[in-house]
Amino acid sequence: MYLVTMLGNLLIILAISSDSRLHTPMYLFLSILSLADIGFTSTTVPKAILDIKTRNRVISRMGCLIQLSFFILFGCLDSVLLTVMAYDRFVAICYPLHYSVIMNARLCSLLILVSFLISLLDSQLHCLMMSQLNFCINVEIPHFFCDIPQLLRLSCNGTSTNKLFLYFIGAVFGGIPVSGILFSYTRIVSSILRVPTTGGKYKAFSTCGSHLSVVCLFYGTGLGVYLSSAVSHSSRKDAVASVMYALVVPMLNPFIYSLRNGDVKRALQRLLNRTV
């Protein structure tokens with residue numbers, strides 16, 4: 001699954017970079033999203049594979065914080081980029097005549113930079129809070145990576161303040177992107193409903209169908225993981241649910257975009273033909 005994830009996302013990046021017809025804001029954001037998915041999966045899975053192979057499931061405190069920091073960084077970057085892509089689709093459908101003026105190269109570069117800075121801030125805030133935790137002895141994390149809920153449960157000092165602060169950070173850095181996506185799609189649906197013909201409505205909706213599928217998959221599995229961990233408190237169930245969030249979703253994203261997007265399929269075909 002990890003190899004399929006890497007190969008699929010790398011093919012998306014190569015197809016977009018090698019085809020000048022795909023050098024548009026929508027596909028630029030898609031290639032950055034594929035990079036984020038590669039980083040997101042590579043933060044946890046190689047270490048887990050190595051642990052299984054060597055039977056040495058040990059990670060230092062510093063290694064755990066580094067893994068946690070990169071996991072939050074790429075996870076938040078995924079979330080913010082999906083919001084940026086929703087805004088791109090909003091402009092394309094609601095203001096098609098002004099699209100090239102609004103989504104210029106300067107704005108696209110600024111959106112990517114801001115997305116990275118927001119994600120970096122989020123990861124460092126989480127890392128700072130988790131670095132304050134104390135562990136009485138060497139502890140066993142019942143998970144395949146350093147996950148925040150597990151570390152909070154294993155800490156021997158009071159975690160109520162940390163939990164409140166982490167929930168606040170999650171509400172800010174998670175709630176704002178979700179609100180942006182909901183606002184964009186509310187305006188998009190409203191605009192599509194005003195299109196007089198059925199064919200026009202289908203064409204308008206098909207331009208954001210792939211993105212909407214990825215949004216539902218990403219937030220659906222992520223929300224499922226944290227709701228299940230809050231309700232069940234079962235470490236095994238948390239780990240199984242996290243496989244969906246950390247591995248299955250990044251693996252499926254390239255297939256969703258390639259199978260539902262004719263431009264990407266044609267670019268992939270031309271890339272494979274040149275390779276052969």
**Fill in**
ASN138 and ASN273 label points (each 7 Å along its Cα→Cβ direction) are spaced in nm at 5.9 nm
**Prompt:** What order do you get for 180-190, 209-219 when each peptide is scored by the mean count of other beta carbon atoms within 10 Å, highest first?
**Reply:** 209-219, 180-190
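Set the Förster distance to 45 Å, then compute FRET efficiency between ASN104 and CYS216 from the Cβ-Cβ distance, nearest 0.05. Present the calculation step by step, with values, prior to reporting the outcome.
Numbers: r = 30 Å, r/R0 = 0.66.
Calculated transfer efficiency: 0.90.
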**Complete:** Computed over the stretch 64-128, the relative contact order (Cα-Cα under 8 Å, seq sep at least six) in percent reads 63 percent
**Prompt:** Ranked highest first by the average count of other Cβ atoms within 10 Å around their residues, in what order do 1-14, 243-256 fall?
**Reply:** 243-256, 1-14
**Message:** Placing +1 on the Cβ of each Lys and Arg and -1 on the Cβ of each Asp and Glu in the chain, which of HIS126, TYR87, THR161 has its Cα farthest towards the positive end of the resulting dipole?
**Reply:** TYR87
**Modelled FRET efficiency - R0 25 Å, VAL195 with ALA171, Cβ distances, 0.05 increments** = 0.10
**Prompt:** Which of the cysteines in the chain are isolated, no other cysteine C-beta under 4.7 Å?
**Reply:** CYS76, CYS94, CYS108, CYS127, CYS208, CYS216
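Order 91-99, 27-35, 51-59 from most to least packed using the mean count of other Cβ atoms within 10 Å.
Result, highest mean first: 27-35, 91-99, 51-59.
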**Asked** From the list (i) 29; (ii) 16; (iii) 25, can you say which value of percent of Cα pairs over 34 Å apart was derived from the structure given?
**Response** (iii)
**Request:** Can you tell me the dipole magnitude for the chain around its Cα centre, using point charges on the Cβ only (Lys, Arg +1; Asp, Glu -1), in Debye to the nearest 20?
**Result:** 540 debye
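Read the figures in this text as sums done on the coordinates, not as results from a lab. Please read all numbers here as calculations on a predicted model, not as lab measurements. All Cβ positions, glycine included, derive from the backbone under ideal geometry; neighbour counts span all protein chains shown.
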